[in-house]
Each structure stands twice: as C-alpha cells, then as structure tokens.
Amino acid sequence: MPPIHFESGVANIPPSTIAKLRSVLDSMRDLPNVRLHLVGHADTQPLSPALEGVFGDNQGLSRERAGEVAEFLQRALHLPPEAISFEWAGDTQPIASNATAEGRAQNRRVEVEVWYDESGEKVGLEDVVVPAEIKRVKVCRMETVCKLRYREGHEKRTRVKNLIAPLHFDEETIAVPPSFVQQVGQALQNLQDRQNVAVKLLGFTDDAPLTGRAERIYGTPLALSKAMAHRVALALQDALHLPTTALASDGRGADQPLASNETARGRALNRRVEVEFWYDDPLQELPDEPQPCPEAGATEVVTMGCDMSLGVLKRGGAPSSCTVYATE
C-alpha cells in the first residue's frame, strides 16, 4: 500500500485519498490474516499557535495522523484489535528535502506496512495398489498395554524466560529498537543447537481504562496487550527473517502486574512485552514401544505372535521370528 499523504497541519485523510484507498482495500478484503502497522510522519514546518493547542508539536501531529489512518483501516477491513498497531516519528525521518514545498508534501505521510498469510500449494495424494504380503503367525496370547503420549498442550517443550529484558511501551504504541532485535537474534544464535526453537511474545498492560483512540481501536486492555505483542512479533519476523512457525504472540492484559498501578512509574513497568524461548526437550522423550498401563490409562490390545517351531516368545528385539501387532 502506498504512503498516505496529508495537507500541511492537517491530520484528517484527504477525501481524494479515501477514494483511492477504497480500491486498494477492496483487493485486500479476501487476504487471509491481514495485519497492519502504521507509522506517522510530519515535515519540519513549525505549527501555528492554534495547531499547537491541538497537537502540541510535530510529534503530536504525526501521532494523530497515524491514529486517524489506523481507525479508518480497521473499520474498512473489519480487523480485530490485535491485527493493527501504529507509531509516529514526527519530523525525524524525512524522505525528501524540507526546503521545498514538494519535499515537505512527501514528508507529510503515514506509511502502511501490510502482512498477510500466503497459501502454499498442496501436495496431491495418488492412490496406488500395493501387493499384499501376508505372514501367517500363530497367536500365543493377548495382553493389554498402553502407548504413552503427551496430552495436547503438554508436549515435551522447554521454556526459557528472562534471557532478554521486557520491552516497555506507552499507552497505545510500542517501538522495537535495533538493540532489542539484536538481543533476540543473539539468543537464537545461542540456542541453535536446540530443536524447533520458537520465540513467544507476551504482552501485558496496566489497569488504567483505555480512552480516546486507544479505546476505539483496541477496546480492552487485553486486546491492547495482544496488539503490542503481535507488533513486536511482526517486527522480529521482518528484521530476523524468521518463518511464521518460529514466532507466536499473545496478551495477558492487566492480570500480572510487576509493580503497583497506583503510580505512573508502576504503570510504566507493567506495560511491557516479555520474551520467551521454547524448544524441544529430548530428555522428555517417551518410549515408542507399548508399556504397562498406568492406572486409568487408555489401553490398546496387542497381539503377541511367534513362530512356534522355534519355541520362543518375546516382544521386541531378538529373536526376530516373533512379531508384535498393535492396533489403536
């Protein structure tokens, strides 16, 4: 999506731009899992006293522009709160000279970053006929055994916390500095000998009620915490070129404060995104062979078969003339 430009001292989206945006938005409506991040910018022209009373300075003006576009796009695309985030840079990131009217017009903008999922090609399955090879065995006995499996959500994964200090944010936006990206990249480098390493971002907020634009876009502290964590995840994915499967994000709202929400300092500490690293733990591997059943375990029937001419019976290992048949 191209940048959205503004008139001098104005935060409202120009009507002519809205018409152009609608055609772009129509092409995005069917994209899966759309996520947006917006960055507001301004030129270096000083604000008039009247505009200073509204925006404060160019930082405030660029903030208002980013928020205005965020609200418009969220409504137009019916995005969930966690799918949109915004920040502002004031006049610190010009893309043209502020010495000319044309250059200043280019600098008064909101840049739109768009992510969405791409569907990969599915591998087709072909039916083939496999000749049956039948081995006849004599059943020696039947016994009930269990095959141990992890319950869903309890897989063999190890979590590492506190490798990196939390990233803090203000009431409605979060910046992801290069130093933070570098720390995450270094941690992943240190864990490269682990299997299936993933980064999980967890967002937290203070308990202050949302107001104004933050309330209109996010609605609740829980949705805000999810949006901030999601924003950090997208920034890390983009900067470190990570696959989607290596990142996850979620929010906890105001449920786990680090400090008292009675003070501004405490609330600032509570508004944070924490980083966790997860990887497979080979020490927790379960045996693949059927085992004696624990109490209340789910069971399966295993048929023990053997070659009676050898006069032996054994499950697994030598001799190879005995076979285990297991059905789930």
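Throughout, read-outs are computed from the coordinates displayed, never taken from laboratory work. All values reported here derive from a predicted model rather than from experimental measurement.
How big is region 4-115 by Rg and Dmax over its Cα atoms, in Å?
In Å, with Rg to one decimal and Dmax whole: 14.3, 45.
Using only alpha carbons, build the gyration tensor for region 157-283 and give me the equivalent ellipsoid semi-axes, biggest first, whole Å.
They are 27, 15, 13 Å, listed from largest to smallest.
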